[in-house]
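The values are calculated or read from the model by the stated rules, or taken from the named source; none is laboratory data. These numbers were taken from a predicted model, which means no experiment stands behind them. Here the Cβ positions follow ideal geometry from the backbone for every residue, glycine too, while neighbour counts run over all protein chains shown.
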Amino acid sequence: MAVESVVIINNYGKARLATFYRPISTARQQLLIRTIYHLVSNRPDEGLCNFLDAPQLKALLQPPASSSKASSTTPGIDNDYRVIYRHYATLCFIFVVDSAESDLAILDLIQVFVESLDRFFPNVCELDLIFHYDEVQSILSQLIQGGLVLETNINEIVKQAQAASKARKASASSTQLPQGAASVVSGNGFQVGINAATTAAGWARDWMSTRR
Amino acid sequence: MASFATMASGSGSSNSTNMKGLVSYIAALRQARHREAEEKVVRQEMAHIRQQFRQQLNGYQKKKYLSKVCFTYILGYEVDVGHMEAVNLIASSKYSEKQIGYLALTLLMHENSDLIRLVVNSIRKDLDDLNEVHNCLALHAIANIGGSEMAETLAPDVHRLLISPTSRSFVKKKAALTLLRLYRKSPEALSDVPDWAARIVAIMDDDDLGVATAVASLVMTMAQDHPDAFANAYPKAVDRLAKIIVEEDYSEDYLYYKVPAPWLQVKLLRLLQYWPASDDETIKATIHNVLDHIVQNSQNTPKNVQRNNAQNAILFEAINLAIHLDTESAVVAKASVLLGKFILSRETNVRYLGLDTMAHLAACVESLEPIKMHQKTIMHSLRDRDISVRRRGLDLLYSMCDVDNARSIVGEMLRYLQVADYALREELVLKIAILTEKFATEYAWYVDTILQLISSAGDHVGEEVWFRVVQIVTNNEDVQEYAATKAYEHLQSSSCHENLIKVGGYVLGEYGHLIANNPGASPIEQFHALHSRSHLCSQPTRALLLSTYVKWLNLFPEIREQLLYVLKRYTHVLDSELQQRACEYVALAERPDGSDELLQAVCDEMPPFPEKSSLLLGRLQKKHGDTNDKRTWIIGGKEVNRNRDEARLESLRRGPANGGAMPTTKAAGAAAPPSVIPAGGQQSNGAGIDDIMAGLEGLDMSVQPGGVGVTNGMGENGGEAGESSYTARAPLIDHGGDGEESADRTASSIKPTTTGVGVAAPSSSSAAPPLVFPPSITKSYLKTAFSNEGVLYEDGSLQIGLKTEFHGSRGRLALYLGNKISVGFTSLSLRVRPHPEEPDVANPAIKASMSKLPPSSLGAMTQIQQVVDVSCRGVATYPPLLHVEYLAGSLQSLVLPLPVPMSKFISPVPPGSLGGPAQFFERWKALEGEGRQAQRVFGGFKLSRETKSGVDEGRMRRVVEKGLRLGLLEGIDPKSENVVAAGLWYCDEATTEVGGGTTTSTASKVGILLRLEPNAAARQCRCTVRSTRGDVSAEVARLVVCALGGDAGLLLDLKGARAGVEGAQPAA
């Protein structure tokens, strides 16, 4: 049971997010995105279901035979892939999953993803996905980890993502000034490191106490 | 709701990490009007970064440049810088830098990257870090790029994070899924899994539904390989479902559009499909209740799309589970009505899933009638606007096909073939071919349909389809003439596909003589019909036609001239294969000695093909191979699924010794249902082979048509044809090496399944470690075994008390579990199991079950009662076992023997009912002898307290009366200190009918007579038990020794006890 890939494509076929949960070369990723876009864009929005068998993705997603030593334990030889997608205004959210996932549950998961994005970036728009690509990745990583569904509770996802974002900002800003010195004087850098760690831990603690 | 419509209003003013360089880089890329300009910007920036990375940089700078590299990568550019910097940043102590380092790691590297080795240590440090945020980063990285190397080195750390009581929920969730990733990558590196099972399963009870969901995923995967070790997950999943659905006990956080934790529900419902249906009545009833609730909830369709989706996701999974458990149940009947509604729904998603689930139903049910009601609707779905719906419709039609509706379904499929999507055609052709073969009742229909299929589907007909036709025609004499006529007819039509020419060429070459007397089908006409098309054919087809001609040389001497003319012309063609064939055939026809004996021998009619399963099924099922998680069903009729299950179970039973060995063809043939074609006894049906078999056999088949047919063979390696054609049955083409190689390939492709099974078998033995009872148990067991109440077990935190009540062959044990500490126990699990030494574990002598599902927690300083029902089915030497597991900081696990010796099922004979001494001794004597009497001499019993020398008669009598439940008979024995007692032992003898497998129980009673003769001087006592059954006598005697001798070790150490019984016998 696994999600193979999460892709967000806009109406012009430009990918705004493309995450693949198995090693795939950049060139093949681009080919995959094009194939997926082609699959989905050819379907009118009205009256069709959100699920699509995609046998043509098999050849692209399967790792090449030479490098499959490690993956020989995962019987991925004959996976049937399914594309589950949903349109939101100018963007299309697409999950490529194997046949062991519940279709409707994945459809719900897309909704959860979008609502989480919307809550994290108030009134989310396509530009948010471009300029805050790291935040989007971070939100997605709260939702899906290594191709497996991690969390489905929107509150929890947003809370975690915000905490990570805060921790990042805090550790970045608190150490911005002495950083130049840090790289020169290694002893000092160690000191700074301690500070940063404690700050991050502090954030984590603060937010944990608000959790309960 | 998100509004992506407002995309014009730019918001990319400040990046969260305040990296100006990154923002301006992104802006510059956005300003690039076309791809070339963008590429230029990227090239410049990458060149700049490469230069920067050569210098001494501080953390912030590294982070900034690495962010740019990541962004560039995400845009779809190949990047070759930044790997080392990522490795450095991961080791940084600043969260923001660490985070970018990890991001780059997951984006730029994969499990086989060389640099992975460099980060393993940093990752381990972060796993051990006290800061949970760092734990999460590390876990996330492992989950994305972890391979077998990480599995070996880091799995124990990940496992520790998962089970540590101090881990917070968000760490546990991540750890669970990370462990799952590592397990999938390298199951052999995680050899501890069976030992971890109990602890992992316990987390399914976690308060946090998110943790429960993640752990359910983990359990689902691991349980497929270790069904026994994870067996406890079954009741846990049922309990959790019942809590959420029936008791509505869940945290508000996990309401998704008013539906509680739909993902968890779906996952648990699916998890339950990986075990066979439970035979525990309580669990069955609970599942039934849960499913009923779900079906009931779906009666009203909510307006909200999201809510409706979530509700349906649960409903469809519930239906799948119901089908898995029992296709005849009321829930399934209700569900099939619902499905009938769904496939008419206006909502496409619902139609789609309705058809999908109905295909599952059709694949498993006994009777297809309820589905056939909807046949029209389903056929109509082939005309749906949506290809996804059409696909599911096709699958369903395939699954629901049987002898009755085969004609209409195949007819509809053939019609649909003309307009079907190209992507669907190949599979459609295979399905039609299989259904036609499987459900044909007349040869004429079979031949007509297949020939029509080949002619209309053209290029979409795979080789194996026409191989199969040839095979069937060759093996069935009755159909040969008809096939030849029809093939000839098709050859005469204006357009004729090459595949049809192949079939025609083969069939006419073999059986053309059968129709040679028909008007319009004389040899010369047959020859023209074929030869006029040969110039358009590909080389293999022409080669096949040459073989046809040489066969005709033998059959039709009247057209020898024409045939030889053509063959001779082919001796000059450029293609070496054709030329060689032609030369050899000509040489064969024009032997210098003028004899055509050799020609006759070589061109003799083909012998029937050896029985093999259908290649077609193998091909189709290869298309739906294993996924990471095994499918719980496959498309097709119920035999396919049943045999698949059987094969899976079979390979489970076979164990590791020959786990890898394939079942023999014979066994597979036996598993196949009888062929439906009446006269087609020879024809293998092949439906009953599981997919592994089909894959392998299909492979054999692909060698057959080319290999066995000597003169008709159409290989590319005809060079050896000349020499080998002297022995008519020698393979023309040496496919040996090739075939083996591909056999290996098939074997390796199915390997995961077999190894999975292979791993499972030893796990079942390792899952049952040697029984270790707590040391205090011997004493308390002895006490409780011979009294109606007592304390069975007690330690610092838990006390288990017991009250019992027995009537005849049945009894109830009320267990009182008391939590003695001020911390609640969570994930409590109580199970009663037969003793593993029990000869027939499925049918134990003492049947014990819980009347209701035990609660999953036990609050601080509280007590709960749990009733265990027991019934006696035979002479029990082994006590049933009670497994207790709970979480109080760490996982506590206990195994206790339940004190139900067979004496509990004895009722005393009322005093006086056996008459006086004379009558008693008459009975006593009647029961004398081998096989009825058991005698033991034992010491160690207590002497009377008052006299210190005499026997404590009072105690002896009390033990016999209260402990062993025998009725004391006074005044029978002349010696007053001797004790005489009698009782009736009740038992519901279970008898299993041979073959039928049904178990019926018949109540039986056995009378027991006991005589105790203590000898105070020798401090020994002789105990004699007589009854009509020797095994009953022996067991009662053993119990007497235990009870009076106070030897609890003897009571539990069963092997020693047995030896004691045997040793005591000669003393009599």
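Across the range B:186-210, the number of residues qualifying as under 20 Å from the mean Cα position of the chain (by Cα), crowded, with 24+ Cβ neighbours inside 10 Å and facing chain A (nearest Cβ under 9 Å) comes to 0. Only a single criterion out of (1) within 10 Å of another protein chain (Cβ to nearest Cβ); (2) of a type in the set (A, V, I, L, M, F, W, C); (3) touching a Leu at 6+ places or on another chain (Cβ under 9 Å); (4) surrounded by fewer than 19 Cβ atoms within 10 Å (Cβ to Cβ) is not satisfied by B:VAL41, namely (1). Flag not set for A:LEU140, criterion: within 12 Å of the chain's Cα centre (by Cα), part of a helix (DSSP H, G or I) and over 30 Å from B:SER251 (Cα atoms).
Screening B:HIS513, B:HIS528 for residues that are surrounded by fewer than 16 Cβ atoms within 10 Å (Cβ to Cβ) and assigned to a helix (DSSP H, G or I) leaves exactly one candidate, B:HIS528. Within the range A:147-171, which residues are farther than 17 Å from A:GLN137 by Cβ, part of a helix (DSSP H, G or I) and facing chain B (nearest Cβ under 7 Å)? Once the filter is applied, which keeps residues that are farther than 17 Å from A:GLN137 by Cβ, part of a helix (DSSP H, G or I) and facing chain B (nearest Cβ under 7 Å), the range A:147-171 yields A:ASN155, A:GLU156, A:SER171. B:PHE941 - would you say it is modelled with pLDDT under 85 and surrounded by fewer than 16 Cβ atoms within 10 Å (Cβ to Cβ)? No.
In this structure, is B:LEU139 free of Cβ contacts under 8 Å to residues at least 40 places away in the same chain and surrounded by 23 or more Cβ atoms within 10 Å (Cβ to Cβ)?
Details: free of Cβ contacts under 8 Å to residues at least 40 places away in the same chain: yes; surrounded by 23 or more Cβ atoms within 10 Å (Cβ to Cβ): yes.
So B:LEU139 fits the description; yes.
Are any of the residues in the range B:237-245 under 30 Å from A:ARG86 (Cβ atoms) and either modelled with pLDDT under 85 or not assigned by the TED database to the domain that holds B:PRO187 (or both)? Scanning the range B:237-245, I find no residue that is under 30 Å from A:ARG86 (Cβ atoms) and either modelled with pLDDT under 85 or not assigned by the TED database to the domain that holds B:PRO187 (or both), so the answer is no. Within the range B:365-383, the set of residues being over 22 Å from B:VAL337 (Cβ atoms) and buried (at least 20 other Cβ atoms within 10 Å of the Cβ) comprises just one member, B:LEU382.
Conditions (1) more than 22 Å from B:ASP249 (Cβ to Cβ); (2) assigned to a helix (DSSP H, G or I), marked per residue:
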site	(1), (2)
B:THR286	no, yes
B:ALA322	yes, yes
B:THR327	yes, no
B:LYS341	yes, yes
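What residue, among those in the range A:85-115 that are among the β-branched types (Val, Ile, Thr) and touching a residue at least 60 places away in the same chain (Cβ under 8 Å), is nearest to the other protein chains (Cβ to nearest Cβ)? First the steps, then the outcome.
Residues of the range A:85-115 that are among the β-branched types (Val, Ile, Thr), as a first pass: A:90, A:94, A:96-97, A:106, A:110, A:112, A:114.
Subset that is touching a residue at least 60 places away in the same chain (Cβ under 8 Å): A:90, A:94, A:96-97, A:106.
Values: A:THR90: 5, A:ILE94: 14, A:VAL96: 13, A:VAL97: 10, A:ILE106: 9 Å.
Selected residue: A:THR90.
How about the range B:766-815: which of its residues are closer than 29 Å to B:ASP228 by Cα, touching a residue at least 60 places away in the same chain (Cβ under 8 Å) and assigned to a loop (DSSP other than H, G, I, E, B)? Those that are closer than 29 Å to B:ASP228 by Cα, touching a residue at least 60 places away in the same chain (Cβ under 8 Å) and assigned to a loop (DSSP other than H, G, I, E, B): B:ALA767, B:ALA768, B:LEU771, B:VAL772, B:PHE773, B:PRO774, B:SER797.
What about B:SER298, is it surrounded by fewer than 17 Cβ atoms within 10 Å (Cβ to Cβ), within 14 Å of another protein chain (Cβ to nearest Cβ) and not charged (D, E, K, R)? Answer is no for this residue. Among residues of the range B:72-90 that are polar (S, T, N, Q), those with a beta-carbon under 7 Å from a residue that is outside any loop (DSSP other than H, G, I, E, B) at least six positions away or on a different chain give the pairs B:THR72/B:VAL42; B:THR72/B:MET46; B:ASN88/B:LYS62. Can you confirm whether A:GLU135 is in contact with a Leu (Cβ under 7 Å, 6 or more places away or on another chain), facing chain B (nearest Cβ under 9 Å) and either of a type outside the set (D, E, K, R) or within 23 Å of B:ILE26 (Cβ to Cβ) (or both)? When the stated conditions are applied, A:GLU135 does not pass them.
Scanning the range B:427-483 for residues that are of a type in the set (Asp, Glu) and closer than 19 Å to B:SER408 by Cβ yields a count of 3. Scanning the range A:116-131 for residues that are assigned to a helix (DSSP H, G or I) and either hydrophobic (A, V, I, L, M, F, W, C) or facing chain B (nearest Cβ under 7 Å) (or both) turns up A:LEU117, A:ASP118, A:PHE120, A:GLU126, A:LEU127, A:ASP128, A:LEU129, A:ILE130, A:PHE131. Checked against (1) acidic (Asp, Glu); (2) free of Cβ contacts under 8 Å to residues at least 40 places away in the same chain; (3) within 14 Å of another protein chain (Cβ to nearest Cβ), B:ASP279 passes all but a single condition, namely (3).
So that you can scan it fast, the table gives a plain yes or no per residue for (1) away from every other protein chain (no Cβ under 13 Å); (2) part of a helix (DSSP H, G or I):
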site: B:LEU66; (1), (2): no, yes
site: B:PHE71; (1), (2): no, yes
site: B:TYR77; (1), (2): no, no
site: B:MET84; (1), (2): yes, yes
site: B:LEU105; (1), (2): no, yes
site: B:HIS110; (1), (2): no, no
site: B:SER113; (1), (2): no, no
site: B:ASN121; (1), (2): yes, yes
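Quick one: would you say B:TYR25 is assigned by the TED database to the domain that holds B:ASP114 and modelled with pLDDT of 85 or more? In short, yes.
Yes/no matrix, rows are residues, columns are (1) assigned to a helix (DSSP H, G or I); (2) out of contact with any Gly (no Cβ under 6 Å at 6 or more places or on another chain); (3) among the aromatic types (Phe, Trp, Tyr); (4) free of Cβ contacts under 8 Å to residues at least 24 places away in the same chain:
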{"site": "B:LEU553", "(1), (2), (3), (4)": "yes, yes, no, no"}
{"site": "B:GLU561", "(1), (2), (3), (4)": "yes, yes, no, yes"}
{"site": "B:TYR585", "(1), (2), (3), (4)": "yes, yes, yes, no"}
{"site": "B:LEU588", "(1), (2), (3), (4)": "yes, yes, no, no"}
{"site": "B:ALA601", "(1), (2), (3), (4)": "yes, yes, no, no"}
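Of everything in the range B:133-180 that's closer than 26 Å to B:LEU115 by Cβ and of a type in the set (D, E, K, R), which residue is farthest from the other protein chains (Cβ to nearest Cβ)? Here the answer is B:ARG160. The set of residues in the range B:426-463 that are in contact with a His (Cβ under 7 Å, 6 or more places away or on another chain) and within 21 Å of B:SER493 (Cβ to Cβ) comprises B:VAL429, B:LEU451, B:ILE454, B:SER455, B:GLY458.
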